[in-house]
């Protein structure tokens, strides 16, 4: 998730776009990549129909941390309102539509969310590292 015109807010969408490009259809059959950009509400239909066991939202989240700091947080551990800017809180989506799923947020601390179309260098580096790590995990799983 992420708004393409709000600099580092775009990091989650950037990660998924990178994975889709790198995977070129090679990702495991049971791994689905969905790029919602700034419309988390668009996920409701696609995720609900999949009935996944695990869901990971990748998103820029203001955690009062260092730029590019990453945290994997269970949605169950979050409270309302959570530290994202989406119209429908991810926790609400998880409770209502993904009650049989384990739902996580891979939160990345943005440096800049002002108007702009580029990621800060340290945010891009963190996003590329995350994409690479996920690709290696899925490739390893595909070989086993």
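Just so it is clear, none of the values below were taken in a lab; they were calculated from the coordinates. Bear in mind that the values here come from a model prediction, so they are computed numbers and not experimental data. Positions of Cβ are generated from backbone atoms using ideal geometry, with glycine treated the same way; all protein chains shown enter the neighbour counts.
Before moving on, here are some points about what is shown:
- Full-stretch length increase - residue 54, residue 137 - with 0.36 nm per residue and alpha-carbon distance subtracted: 28.4 nm
- Ranked 24, 136, 91, 111, criterion: other C-beta atoms within 10 Å, fewest first: 24, 136, 111, 91
- The stretch 7-143 - percent relative contact order, Cα under 8 Å, separation 6 or more: 40 percent
- Label-to-label distance, nm, for residues given as residue 74 and residue 124 (7 Å Cα→Cβ offset): 3.7 nm
- Mean projected area in nm² (Cα convex hull; one quarter of hull surface) for the stretch 7-143: 8.1 nm²
- Sequence of 124, 53 once ranked by neighbouring C-beta atoms within 10 Å, starting from the fewest: 53, 124
- Sequence of 135, 90, 1 once ranked by neighbouring C-beta atoms within 10 Å, starting from the fewest: 135, 90, 1
- In plain terms, the chain from residue 63 to residue 41 could stretch by 5.7 nm, reckoned as 0.36 nm per residue minus the Cα-Cα distance.
- Helix-only arithmetic for the chain: the sum of -39500 (n - 2.57) across DSSP H runs with n ≥ 4, divided by the residue total, places the mean residue ellipticity at 222 nm at -11500 deg cm²/dmol.
- Antiparallel bridge percentage (DSSP; both residues within the chain; nearest 5): 40 percent
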